[in-house]
Each structure stands twice: as structure tokens, then as C-alpha cells.
Amino acid sequence: MSFEHLLALAPAGQFTLPAELIAAEAERVRLMEVSSNLRRTLPAWDGSARAELDADAIRAADNAADRADDRVRNFMRSNGKEIVIQCLRPAFDALIAETRKTCPKDSPATTEAAVRLPSGSRDYLRLERLAERYKAIMAAAQIIYGTGGRDNHRMFADTTAWPDRNASQYQYVEPRGPSEPPARLLWLAHAPDAKPFLPTNAERDAALNWFTTHHSVNLIHNAAINNT
């Protein structure tokens, strides 16, 4: 898990993180700096008793930094659900609400569309700023989701809406709605079928499991009809 990246995303995504995680990360960074400074300032190994003491100090600093690293990783692994529910989801919901309020559904989502409208540039820039928040929140959610989840195509990363069920093969099914952040944010905020929702890891996997199970049943059913 890229916890450094997660903390760096917080200002752009306008979300908070647990104080315990922030404190643990600050301590990890401090101990890594201590270890780095020792390596940089202590003399090179020369076999002396002093060199042996210096080596022991470096090993102790490295071990302390490793333990601090483990504490941050373990906190994120054990509290991923709480981070989503208490930190990321409120920021996501606030973003959707602000987009609905400040960006009409016909706002231009590309620079090409913006130049063709009287107030297009202003509307596009407003949407683009909000889309930067969206990207930061989604990047943070993906860090929490990690590599162990099954939703590799991100079909349920920000919505409970089912993908296109008419697709002939599961591996070609894509998330419902546009893929580019400005257009997707506008779709999430205004489309009746968007159903915006930032899920926990378990909720995201459960949605995928439900979809794949029913999608497979439908494919078998449709194949049986087509072959009769």
C-alpha cells in the first residue's frame, strides 16, 4: 500500500485521514530520516571497535524504521473500511453534491466542447477543478482497495449501477458511464442511472460477485435461447 501517496492525496481530494495514521506516518518518516542521516554522516567501515558501534546504531535505526513502516501498513490494512466510510465517502458525497449544485448537466466536459459555448470555458474550468478532486478521492480509494480485490475493471469503484448486461463476454464489460474524469463526474452527479456510491472493499467485491453471478446466468440463458 502506498501510504505516502495516500497522505499526499488528502489536500487535493479534500478529505481527512485518521489522526493515528497521520501520527504513525510522521513517525515512520522521522525514523527513516534518522537512519538515512546515520548512513550519510558516520565514517566508512574500517574494522575498528568504533565502526562496530556505528554499524550497530545503523542496524537499530533501520529496525526502528521497519517497525514504524509495519505499523502504518497494519493500520491501513486493519482500518481500510473505516477510512472509506469515515474519510473518503463523505468527501465523495460532498463532491457529488457540489457538482450537482455548481455544474449543470450540460456543462462541457472537454476543451473542444467548451470553446463552442458562450460561457463554456468558465463552466469547463469549474468542472475540471472538481474532477481533480474526484481523481484524488478515487486514487485514494484504489490504494485502500489494493491489489487483492477482484474488481480489476473498476466496474463498481464509484457506482452501484450495473455495467452493460448486453455485452457478449464478461471480460469486455466496462463500467457504466463515461471514463474520462470530467465527463464521469458530470454523469455521476446528474444521470438518473448513475447511482454514485463509494464502496468499502467488501461492498465493492460483493457488487462484482452479484453481477458476475447473474451475468453468467443470463449469458447461459441467452445462449440456450439462441441455440433453440
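The values are calculated or read from the model by the stated rules, or taken from the named source; none is laboratory data. What you see is a predicted model; the values in this text were computed from it and never measured. Using ideal geometry, Cβ is built from the backbone for each residue, glycine included, and neighbour counts are taken over all protein chains shown.
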What number of residues within segment 74-123 satisfy the criterion of being farther than 19 Å from LEU198 by Cα and among the basic types (Lys, Arg)? 4
Within segment 1-24, the residues that are of a type in the set (D, E, K, R) and at pLDDT 90 or above are GLU20
Where residues in segment 105-133 are of a type outside the set (A, V, I, L, M, F, W, C) and in contact (Cβ under 8 Å) with a residue 24 or more places away in the chain, which of them is surrounded by the fewest Cβ atoms within 10 Å (Cβ to Cβ)? LYS105
Go through the residues of segment 147-163 one by one and say whether even a single one is at pLDDT 95 or above, among the β-branched types (Val, Ile, Thr) and surrounded by 20 or more Cβ atoms within 10 Å (Cβ to Cβ). yes
Name, by its number, the condition in (1) within 30 Å of ARG126 (Cα to Cα); (2) exposed (fewer than 13 other Cβ atoms within 10 Å of the Cβ); (3) without any contact (Cβ under 8 Å) to a residue 24 or more places away in the chain that does not hold for ASP56. (1)
In segment 134-162, what count of residues is obtained for those that are under 11 Å from ARG176 (Cα atoms) and charged (D, E, K, R)? 2
Which of the residues spanning segment 32-61 are in contact with a Leu (Cβ under 9 Å, 6 or more places away or on another chain) and over 21 Å from VAL72 (Cβ atoms)? ALA51, ASP54, ALA55, ALA57, ILE58
Can you name every residue in segment 78-96 that is surrounded by 15 or more Cβ atoms within 10 Å (Cβ to Cβ) and among the small types (Gly, Ala, Ser)? GLY80, ALA91
Please verify whether segment 130-142 includes one or more residues that are farther than 29 Å from ARG77 by Cβ, at pLDDT 90 or above, of a type outside the set (Lys, Arg) and in the same structural domain as THR212 (by TED's automatic domain parsing). yes
